[in-house]
1. Of the DSSP beta bridges with both residues in segment 21-146, give the percent that are antiparallel, rounding to the nearest 5.
2. So which of K12/K42; K108/K136; K12/K139; K47/K136; K42/K126 end up more than 25 Å apart, counting from Cα to Cα?
3. On a C-alpha basis, how far is the centre of segment 94-146 from the centre of segment 1-22 in Å? Whole number, if you could?
4. Taking the Cα-to-Cβ direction at N89 and at V142 and moving 7 Å from each Cα, how far apart do the two end points lie in nm?
5. Can you compute the modelled spin-label distance between I7 and L33, with each label point 7 Å from Cα toward Cβ, in nm?
6. Would you mind telling me the share, in percent, of accessible area of the chain contributed by carbon and sulfur at probe 1.4 angstrom?
7. How large is the accessible surface per residue of the chain, computed with a 1.4 Å probe and reported in Å² as a whole number?
8. In straight Cα distance, which lysines are under 21 Å from K95, not counting same-chain residues fewer than 8 positions off?
Amino acid sequence: REEVTAIIRTSKPGDEALVVLQSGGGTVTGYGLAAAQLARFKQAGMKLTICVEQVAASGGYMMACVADRIVASPFAVLGSIGVISDVPNFYHRLKDEGIEFQTITAGKYKRTVTPTKKITNEDVKKSKEDVEDILKLFKTFVHGNR
């Protein structure tokens, strides 16, 4: 954020921003924040060009989408709009070892799928709904920015 702020504060009318982006993606919260920071260039009246040498996938593509122009090398990979949630589960191993792990929560869906509890069909259903909701937001974001 500080870098974007510094560039915007020192920019003059007609200045443009060029960002070289290399990312296969990551957490939706982190890449959503990064995309919002890049959008600040446009909000400040600056043109934004994103250059992709190798890959801008998933969250990286989310960032690239805010650009006025995307320049990519001929074999660069762009896109891959999707959402994934991986959580290892050690419940049965802990149970076999005689280890009981308890989590106290407030709210029915405060903690659904965790590494230490037995996962129910309801937990999986709720997690799938959450992932689908994030995908809808992702697609809407891409559609609104490209």
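The values are calculated or read from the model by the stated rules, or taken from the named source; none is laboratory data. Everything numeric here is computed off the predicted structure, so don't read it as measured data. No Cβ is skipped: glycine too gets one built from the backbone with ideal geometry, and neighbour counts run over all protein chains shown. Just so you know, the surface numbers come from the protein's heavy atoms only, side chains and all, with ligands and any DNA or RNA stripped out. Shrake-Rupley method; radii C 1.70, N 1.55, O 1.52, S 1.80 Å.
1. Working: 0 of 9 bridges.
Roughly 0 percent of the DSSP beta bridges within segment 21-146 come out antiparallel.
2. Violating the 25 Å limit, Cα to Cα: K12/K139; K47/K136; K42/K126.
3. Cα centroid to Cα centroid, the span is 37 Å.
4. About 2.9 nm separates the two model spin labels.
5. About 1.8 nm separates the two model spin labels.
6. The computed percentage sits at 54.
7. Each residue of the chain exposes 69 Å² on average to a 1.4 Å probe.
8. K117, K118
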